[in-house]
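Trainee: This is the structure I have questions about; it appears just below.
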Amino acid sequence: MELWYALVDLLPFDWAQPGSMYFMKNALLAVLVISPLFGVLSTMVVHSRMSFFSDALGHSAFTGMAIGAICGFNEPTWAAVLFAVVFALLFNLVRRRSALASDTVIGVFSSTAVALGIFLSTLGGRSFTKFNSLLVGDILSVSHGRIALLALILLAVVLLWVFALNQLTLSAVHPALADSRGVSLFAVEALFNCAVAVVVTLTMTWIGLLVINSMLILPGAMARNLAKNMRQYTLFSLLGAVIAGIAGLMVSYYIGASTGASITLMLAIFFAVTFAFRKKRL
């Protein structure tokens, strides 16, 4: 971290002065890890047509946090991760065995998770206010350990993108063809769903539950407005996510707004601009 602080101290910002504002320097590093994480994952979410699934996972993560708090865990985040992974696997199983459309199954799971989360968080007259921080997030509170954990998850997501993107895309666009080519639809989708579950759960504390779904959709949606091939699609999604992340952090710091919401608005602006100048889509 000392090397990182030394590099940031060279930046021409008032918060980048040596020996001060370490929380802002940590937040910048977190953004540089989280942004490409969402940029890569967004290409898979958008391309596999699972945009609203991430929103349902956010609701399940909230329920997991409530369960962890009720059980008295010092770190309810891990209870949320476990619950979100189970939620993702159960969703995958029901979707495969049901004749209902995917969006209908997502709606069932999402509404159930929201209701269960609110029920548990207010059970016995408990106050819901202690969970308010999850709604908007606070990236300034990120720790060194969590940044390192997110860096490892970023590496895992990149490996997933390299080895499973084609199978995931084929299973979403043409399941019968994917099955005929020996692609294990359940295994590929379960792996992807679990990856999204872990990312959403571990980052919602800093990004905010209300906008985290946008972070998984907008980079890929923006990139599809401009990209002519998969290489451009991934590159534009990554660059857009990183630039929006840095710009959103700066805006939130100087005007005193939520960082997650600021990043999302930057991505929304990028989407609007690229939509106006869009080329032939993938």
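Trainee: Please turn the phi angles of the range 148-156 into ³J(HN,Hα) values with the Karplus equation 6.51 cos²θ - 1.76 cosθ + 1.60 (θ = phi - 60°), one per residue in order, whole Hz, x for glycine and proline.
Mentor: In residue order, the calculated couplings are 5, 4, 5, 5, 5, 5, 4, 4, 5 Hz.
Trainee: While we're on this one: Taking the Cα-to-Cβ direction at residue 4 and at residue 186 and moving 7 Å from each Cα, how far apart do the two end points lie in nm?
Mentor: 4.1 nm
Trainee: If r is the Cβ-Cβ distance from residue 257 to residue 93 and R0 is 30 Å, what FRET efficiency results, to the nearest 0.05?
Mentor: Numbers: r = 40 Å, r/R0 = 1.34.
Efficiency for this residue pair is about 0.15.
Trainee: Using every pair of alpha-carbon atoms in the range 32-131, split the distances into 10 Å bins beginning at 0 and state the percent of pairs per bin, rounded to integers.
Mentor: Once binned at 10 Å, the Cα pair distances of the range 32-131 give 15, 40, 32, 13, 0.
Trainee: State, as an integer percentage, the relative contact order of the chain based on alpha-carbon contacts under 8 Å between residues 6 or more apart.
Mentor: 28 percent
Trainee: Given R₀ = 25 Å, what would the calculated FRET efficiency be for residue 231 paired with residue 102, taking r from the Cβ atoms and rounding to 0.05?
Mentor: Working: r = 28 Å, r/R0 = 1.12.
After rounding, the FRET efficiency stands at 0.35.
Trainee: Next up: Using Cα extents along the principal axes in Å as the read-out, say which of (i) 59, 55, 32; (ii) 61, 43, 39; (iii) 53, 42, 36 was calculated from these coordinates.
Mentor: The listed entry that was calculated here is (i).
Trainee: Just from its helices, what would the mean residue ellipticity at 222 nm be for the chain, if runs of 4 or more DSSP H residues each count -39500 (n - 2.57) and the sum is divided by every residue, rounded to the nearest 500 deg cm²/dmol? Working shown, then result.
Mentor: Numbers: 12 runs with 215 residues, N = 282.
Counting only the DSSP helices, I get -26000 deg cm²/dmol.
Trainee: What length, rounded to one decimal in nm, is gained on full extension from residue 23 through to residue 158, with 0.36 nm per residue of separation minus their alpha-carbon distance?
Mentor: That works out to 45.9 nm of additional length.
Trainee: Can you work out the FRET efficiency for the pair residue 143 and residue 13, with r the C-beta to C-beta distance and R0 = 25 Å, to the nearest 0.05?
Mentor: 0.70
Trainee: If you take every residue apart from residue 43 with its C-beta less than 12 Å away from the C-beta of residue 43, what net charge results, scoring Lys and Arg +1 and Asp and Glu -1?
Mentor: +2
Trainee: Just how large is the dipole of the chain about the Cα centre, in debye to the nearest 20, putting +1 at every Lys and Arg Cβ and -1 at every Asp and Glu Cβ?
Mentor: Here the chain has a charge dipole of around 920 debye.
A short reminder: the numbers here are calculations on the coordinates, not readings from a lab. Not measured: the values here are computed from a predicted model. Using ideal geometry, Cβ is built from the backbone for each residue, glycine included, and neighbour counts are taken over all protein chains shown.
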